[in-house]
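The structure that follows is given in the form of structure tokens.
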Amino acid sequence: MNKMINSLALILLLAGTNAYAAAPIEVLNDYAATARKENSAFKEFSAQRGEALYHAERIHSKGTKASCSGCHTGNPKNPGQTRAHKQIEPMAPSTNPQRLTDPAKVEKWFSRNCQDVLERTCTAQEKGDFIAYLLSIK
Amino acid sequence: MTRKLLQLAVLIGSVTATGWLLADNHKHGESKSLPPVSNAKWKTECSSCHTLYHPGLLPERSWRKMMSGLDQHFGENASLDPVTQKEIMEFLVANSADHATNRRSAKISQSIPAQSTPLRISETPWFVQKHDKVSTDVWKRPKIGSPANCTACHEGAEQGNFSESRIKIPR
């Protein structure tokens, strides 16, 4: 009986820490549903547009250069670096299987990083394109 | 033979005694290591961009100010949902330098003038004094980058261990 309670507690604990682990493709499908709501003419995501977004460099209103690749590097298979000099694990799920499996985490970082780089929020179309690009990397 | 046994007994005795002394030190706040603390949300949310800074490194007023301005956190947007933000702030405050009972936290706390609320550990008078032998070009080495990167030189930083035996300055 005690054992049962123990394993039950363990299961609950595990479930609690990983509230909702999803496959990247499910995360992508969620963004497709949102994209359809945002724009009735939505067709599909494009890895090519995502690649362009990943590499695009713009001048921030602070006068500094800003891009996704600035922290995540020019190659999503490589580790990047934060402004506080901590290593960022690679973005491509083919090299880092943890990526794009936690919808809340993905959404949190899109919110922060789109604001940080583009000084606005990203559309669901842009988020899906970005994910499609990361998934296209073998 | 008996002498060997005796030596062994003395050795065991002294090792256990040291263990007691150390444990005792810790209990009474004499230890130099910061006490172990943990909070899952703090760990996840405050370690993705940099070293996970021990709450005992800044006073309560500093954590309160920092946690109420996360959308503009050292030029970055580190904002959190209100529930997570509140939980982390309460955790930081409860273990802050002016609430902790260890000697190191007390020294940090005493080094900060009452009218100032530093947001950087690396700008407290205590930190500056402890690092006065580290020169400016060392801070700027590619593997270090800035004084905020504690883990670059103190491998035990995230566990609150800054002992000299565990300092390694990257080239």
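The values are calculated or read from the model by the stated rules, or taken from the named source; none is laboratory data. These figures come from a predicted structure and were not determined experimentally. Glycine gets a Cβ as well: all are built from the backbone with ideal geometry, and neighbour counts include every protein chain shown. Ligands, DNA and RNA are stripped out before the accessible areas are found, and what is left, the full protein with its side chains, is counted by its heavy atoms. Shrake-Rupley method; radii C 1.70, N 1.55, O 1.52, S 1.80 Å.
At the nearest 100 Å², what buried accessible area, both sides summed, do you get for B and A when the probe is 1.4 Å? Write out the running numbers ahead of the final one.
Values: alone 11180 and 9140 Å², together 19220 Å².
It comes to approximately 1100 Å² buried between B and A.
Tally Lys/Arg at +1 and Asp/Glu at -1 over every other residue whose Cβ is under 13 Å from the Cβ of A:Thr121; what's the total?
-1
Determine the per residue accessible area of the stretch B:40-166 with all protein chains present and a 1.4 angstrom probe, expressed in square angstrom.
That works out to 54 Å² for each residue.
A further question follows. Which helices pass in chain A if a helix is a full DSSP H run, must span at least 15 angstrom along its long axis by Cα, and must have mean Kyte-Doolittle hydropathy not below 0.5?
A:2-17
Carbon and sulfur together cover what percent of the accessible area of the stretch B:40-166 at a 1.4 Å probe radius?
Heavy-atom surface of the stretch B:40-166 belonging to carbon and sulfur, 1.4 Å probe: 52 percent.
Moving on to the next point. Any idea of the accessible area per residue across chain A, 1.4 Å probe, to the nearest Å²?
62
Calculate the translational D of the stretch B:40-166 in whole µm² s⁻¹ from Stokes-Einstein, where the hydrodynamic radius comes from the Kirkwood formula applied to all Cα pairs, the temperature is 4 °C and the viscosity 1.567 mPa s. Please list the in-between numbers first.
Details: Rh = 15.3 Å.
It diffuses with D of about 85 µm²/s by this estimate.
Same structure, new question: With the Cα gyration tensor of chain A in hand, convert its eigenvalues to equivalent ellipsoid semi-axes via √(5λ) and list them largest first in whole Å.
31, 20, 14
Moving on to the next point. For A:Glu26 and A:Arg49 in one chain, what is 0.36 nm times their gap in residues minus the Cα-Cα distance, to one decimal in nm?
Length difference between fully extended and current span is 6.3 nm.
Please work out the FRET efficiency for the pair A:Lys62 and A:Glu107, using the Cβ-Cβ distance as r and a Förster radius of 22 Å; give the result to the nearest 0.05.
Values: r = 25 Å, r/R0 = 1.14.
Calculated transfer efficiency: 0.30.
Work out which residues of the stretch A:93-128 lose at minimum 40 square angstrom of accessible surface when the other protein chains are put back, relative to the chain isolated, with a 1.4 angstrom probe, and list them by number.
A:Lys108, A:Trp109, A:Arg112
Which distance in nm do the two modelled labels at A:Asn78 and B:Leu70 give, with both placed 7 Å along the Cα-to-Cβ direction?
Roughly 3.2 nm, to one decimal.
On the accessible surface of the stretch A:70-138, probed at 1.4 Å, how many percent belong to carbon and sulfur atoms?
In the stretch A:70-138, the share of accessible area belonging to carbon and sulfur is 55 percent.
Right, here's the next one. Just how far, in whole angstrom, is the stretch B:39-67 from the stretch B:105-150 if you go by their alpha carbon centroids?
Each part's Cα centre sits 16 Å from the other's.
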